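Worksheet for the structure shown next.
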Amino acid sequence: MQVNQIEADLYLLIGDTYKSNSTALVSRDEVLLIDGMGSRADAEKLRNFIETELGKEVRFIISTHFFTDHLAALNFFPQAKVVAHKNYLDTFNSERYRSEEEESYFREPDILISDELKIRWGRYELDIFHNPGHTSSTLGIDVKPAKLLMVGDTLVGNIIYLSYSTPDRFVQALERLQARGRSRVISSHGDVRSAAAISNAQFYLERLADHTREARTSGELLETPLETCLPPGVEPTAFEKIFHDRNLKTILEQNFFAGRES
């Protein structure tokens, strides 16, 4: 597990499985977690870091969305209250493939959010807001004064992943994130990044729509390279290419961008 200390009282813990992460905000002897890793092994390391190395107790766990690659630690902290959006079960049930281990991660939330919730935690104010883009239960979390925006899987690197949603929903979700005006973001996988990733994803979605409409007559949509859908100077990663290829197949299956509206 990779440990990144972002602030004196804020840690980003990145697991080995899928690079799924958990963000820990410390207030005195207690911790608020955002998301909970993608495997039991990573969840065990997370618990050891918080309870042994930091000597703290987890009081709350906020789930940005209820997919199992972010739920592994929920049952490792039975004393903590789990916070999720009221549509959490729709998201959990829409997940296509789960192993027997992943099935065991499920835990019913203790606190359900509809539209918005504000939490004061130590020196931070967390503005939690419903941001359905990636899933119907996705929550965004604006962490003040850290100038940090938690986006769940609304961003996959510099792109988006359409499999569980629609282009229209992503347009709106990205606009809501952009309106927050933060300088850095944390997705549910990987490290903290520049908030430029939001505008990069908006560019990607617009170019994807353009390429789809152009390719419908030629039938060559599946040949669309990721490089042509990213802003100049933004290099594609192998991780992003996997999800780009999946997006192209989803567009064909769902007939997205069939007309002027997405």
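See the values below:
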quantity: Selection count where residues are within 15 Å of the chain's Cα centre (by Cα), more than 27 Å from R120 (Cβ to Cβ) and not in a helix (DSSP H, G or I), scope the stretch 154-193; calculated: 12
quantity: Any hit, the stretch 95-104, residues being modelled with pLDDT of 95 or more and among the aromatic types (F, W, Y); calculated: no
quantity: V58, sole failed condition from (1) assigned to a strand (DSSP E or B); (2) open to solvent by 10 Å² or more (accessible area, probe 1.4 Å); calculated: (2)
quantity: Conditions (1) farther than 15 Å from R107 by Cα; (2) free of Cβ contacts under 8 Å to residues at least 60 places away in the same chain; (3) crowded, with 18+ Cβ neighbours inside 10 Å: number failed by A43; calculated: (1)
quantity: Hits in the stretch 46-55 (condition: open to solvent by 10 Å² or more (accessible area, probe 1.4 Å), in a helix (DSSP H, G or I) and either β-branched (V, I, T) or at positive phi (or both)); calculated: T52
quantity: From the options T17, T64, T68, T23, residue that is under 24 Å from L155 (Cβ atoms), surrounded by 17 or more Cβ atoms within 10 Å (Cβ to Cβ) and out of contact with any strand residue (DSSP E or B) (no Cβ under 8 Å at 6 or more places or on another chain); calculated: T68
quantity: Output for the stretch 157-170, where each listed residue is open to solvent by 10 Å² or more (accessible area, probe 1.4 Å) and of a type in the set (V, I, T); calculated: T166
quantity: Unmet requirement for L205, which otherwise passes all of (1) part of a helix (DSSP H, G or I); (2) open to solvent by 30 Å² or more (accessible area, probe 1.4 Å); calculated: (2)
quantity: Flag if S20 is modelled with pLDDT under 95 and under 19 Å from the mean Cα position of the chain (by Cα); calculated: no
quantity: Single residue of the stretch 120-153 satisfying the filter (assigned to a strand (DSSP E or B) and more than 24 Å from D191 (Cβ to Cβ)) that is farthest from the chain's Cα centre (by Cα); calculated: R120
quantity: Neighbours by Cβ (under 6 Å, 6+ apart or cross-chain): first from the stretch 80-98, open to solvent by less than 70 Å² (accessible area, probe 1.4 Å) and part of a strand (DSSP E or B); second at pLDDT 95 or above and among the small types (G, A, S); calculated: A84/S63; H85/S137
quantity: Qualifying residues in the stretch 214-255 (those that are more than 20 Å from N200 (Cα to Cα) and either under 23 Å from the mean Cα position of the chain (by Cα) or among the charged types (D, E, K, R) (or both)) - the one modelled with the lowest pLDDT; calculated: R216
quantity: Residue in the stretch 1-13 that is nearest to the chain's Cα centre (by Cα), counting only those that are surrounded by 18 or more Cβ atoms within 10 Å (Cβ to Cβ) and touching a residue at least 60 places away in the same chain (Cβ under 8 Å); calculated: L12
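The values are calculated or read from the model by the stated rules, or taken from the named source; none is laboratory data. Just so you know, these numbers come straight off a predicted model, no measurement behind them. Positions of Cβ are backbone-derived with ideal geometry, glycine not excepted, and every protein chain shown enters the neighbour counts. The protein model used for the area step is the full one, side chains on, heavy atoms only, and it has no ligands, DNA or RNA in it. Shrake-Rupley method; radii C 1.70, N 1.55, O 1.52, S 1.80 Å.
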